[in-house]
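Derivation of every value follows stated rules applied to the coordinates shown; laboratory data play no part. Just so it is clear, the model here is predicted, and its values are computed rather than measured.
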Amino acid sequence: MLLDNKGFDLWAEGYDKSVGISDDSGTYPFAGYKDLLSYVYNTVRSGNGKSILDIGTGTGILSAKLYNDGYSLTCLDFSEKMLGIAKAKMPDASFINHDFAFGLPPALMDAKFDFIISTYAFHHLNDSQKISFINDLKKILAPGGIIVIGDIAFSSKDELEKCKAASGTSWDHDEFYITADEFCKNISGICFKKISFCSGVFIIK
Ligand SMILES: C[S@@+](CC[C@H](N)C(=O)[O-])C[C@H]1O[C@@H](n2cnc3c(N)ncnc32)[C@H](O)[C@@H]1O
């Protein structure tokens, strides 16, 4: 089921525990969760610059780690409860309550970021919305900046179908998962790193 902001509000308190359980049991949808967040974290740490926009921050598991390393965080999410939990971990970060299905918020139109990161949030957009949003994000990327998107994703349609068949009734028919071989044809400067059988990271330079 594709959750709205109220659905995420209800999930916020138990979120960290539930993704941990799905990751530890190696099951769809969060198999590879910790590895994926580590990959995004290491990509940022090995790049240049200090300003980060995190799209769909959630409870801030990843962004709080970067915040504690001294990065300047702008956190965007449409769930007040998720933002509240993230804010408690990052008191001096900036927070924007906005639905990214409507593109960039006005407050960010003239901003520039060294890194734009997003984990487990892009699957709320269909492929054409994803492409359009990535093109908007490129406009607020500082020279030499990087967009790093980690999500439930598959190398190919075949791999997606295998996961769908194995997941049975737990498969979410309302979410939009990227199949990298097709999706990457639409974006210049993109590459894909598979993390688990149901997740991967896209890097756009
Ligand atoms: C599955 S959680 C991922 C949270 C965190 N990035 C992580 O990796 O654990 C998805 C987050 O994206 C937010 N989200 C989903 N759709 C959104 C939208 N259209 N606009 C803004 N935030 C959205 C949700 O509120 C939620 O906090």
Discussion item. Output wanted: per-residue J couplings in Hz (rounded whole) for region 127-141, from phi through Karplus 6.51 cos²θ - 1.76 cosθ + 1.60, θ = phi - 60°, x for Gly and Pro.
Written reply: 4, 6, 5, 4, 4, 5, 5, 4, 5, 5, 5, 4, 5, 10, 8
Worksheet item: On average over all directions, what projected area in square nanometres does the chain have, based on the convex hull of its Cα atoms?
Response: 10.4
Item to complete: State whether region 87-205 is rounded, prolate or oblate according to the following rule on the C-alpha gyration tensor (a ≥ b ≥ c being the square roots of its eigenvalues): a/c under 1.5 gives rounded; otherwise a/b larger than b/c gives prolate, and the remaining case gives oblate.
Response: prolate
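Any idea what the relative contact order of region 134-194 is, in percent, if you count C-alpha pairs under 8 Å spaced at least 6 apart? Before the final figure, lay out each step's value.
Working: 31 pairs, mean separation 20.1, N = 61.
Once divided by the residue count of region 134-194, the mean separation gives 33 percent.
Looking at region 52-129, I'd like the Rg to Rh ratio, where Rg is from alpha-carbon atoms and Rh is Kirkwood's inverse mean 1/r. Write down the numbers at each step before the final one.
Working: Rg = 11.9 Å, Rh = 12.6 Å.
So for region 52-129, dividing Rg by the Kirkwood Rh gives 0.94.
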Response to the item:
Amide H proximity to Ala153 below 5 Å, modelled H, separation 5+ or other chain, gives Ser199, Gly200
Fill in: Whole-Å distance, taken between Cα centres, linking region 98-140 and region 26-73
16
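Need one word for region 10-61: rounded, prolate or oblate. Basis is the Cα gyration tensor (sqrt eigenvalues a ≥ b ≥ c); a/c below 1.5 gives rounded, then a/b vs b/c decides. It would help to have the intermediate numbers written out before the result.
Numbers: a/c = 3.45, a/b = 1.56, b/c = 2.21.
Because a/c hits 1.5 or more and a/b fails to exceed b/c, region 10-61 counts as oblate.
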